[in-house]
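The values are calculated or read from the model by the stated rules, or taken from the named source; none is laboratory data. Keep in mind the model is a prediction, meaning the values are calculated, not measured. Here the Cβ is made from the backbone with ideal geometry for all residues, glycine too, and neighbour counts use every protein chain on show. Surface areas here come from the heavy atoms of the whole protein model, side chains and all, with no ligands, DNA or RNA. Shrake-Rupley method; radii C 1.70, N 1.55, O 1.52, S 1.80 Å.
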Amino acid sequence: MRLLKRIVLALLALLLVIILGVIGIVVALNSQAGRNFAVREINKYGKSVVHIAGLGGHFPADIKLASLELKDKNGVWLNGQGATLKWSPLALLHRTLSVQELTAARIDIARAPLPFAKPDKKKKGLHLPNIQMNLDRLNIRTLSIAPGLAGEYVALHVTGSAH
């Protein structure tokens, strides 16, 4: 009986440490120092693919970015400014990607990105779970598409939703 009691107490202590760790990460990423750390780490480890600046909002449900660049080996192919993502992370537990708002002041697409390297046929590919998606509000004030993609320069205002 004592052994069972010790096992239960150890499991409760482990659960408490995990919960406190998650709370600590959320609190840290909602401080300016935590946001600066996140920006540095994202730019450090994603330097060949992504570069962000001006991380704000309330992590994890309301994320704001002053700027975003997506890159490949030929350089930047997409540049965005003033992006906002409001979503419900807990909805993922129900296999639903629930986005209340996805907005951007400006997105410039300079060219098509280079394709990723073909995966080794011997390795199994990444299989994503079957999830539903709800996008309540999409608003891109200016979406600019370069002539190389659209035949001529195109600037659009994009609004919509998807379910």
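List of remarks:
- Solvent-accessible heavy-atom area per residue, rounded to whole Å², over the chain at 1.4 Å: 74 Å²
- Leu14 paired with Gln32, simple spin-label distance in nm, labels 7 Å along Cα-to-beta-carbon: 4.0 nm
- Computed E for Arg40/Ala105 - FRET, C-beta separation, R0 25 angstrom, nearest 0.05: 0.55
- Against the compact-protein benchmark of 2.2 N^0.38 Å, the Cα-based radius of gyration of the chain scales to 1.35.
- When the P(r) is computed for the range 1-82, the part past 23 Å accounts for 43% of the Cα-Cα pairs.
- Karplus-derived 3J(HN,Hα) values for the range 133-148, using 6.51 cos²θ - 1.76 cosθ + 1.60 with θ = phi - 60°, are 10, 10, 10, 6, 8, 10, 8, 10, 4, 9, 10, 9, 10, 5, x, x Hz; glycine and proline are entered as x.
- Note on surface exposure: Lys64, Lys73, Lys44, Lys5 rank Lys73, Lys5, Lys44, Lys64 by accessible area, highest first, 1.4 Å probe.
- Computed extension length for Arg137-Tyr153: 3.2 nm, one decimal, from 0.36 nm per residue of separation with the Cα-Cα distance subtracted.
- The chain - percent of accessible surface contributed by carbon and sulfur, probe 1.4 Å: 67 percent
- Two-site FRET efficiency, Ala146 against Lys64, from Cβ-Cβ distance with R₀ of 22 Å, rounded to 0.05: 0.25
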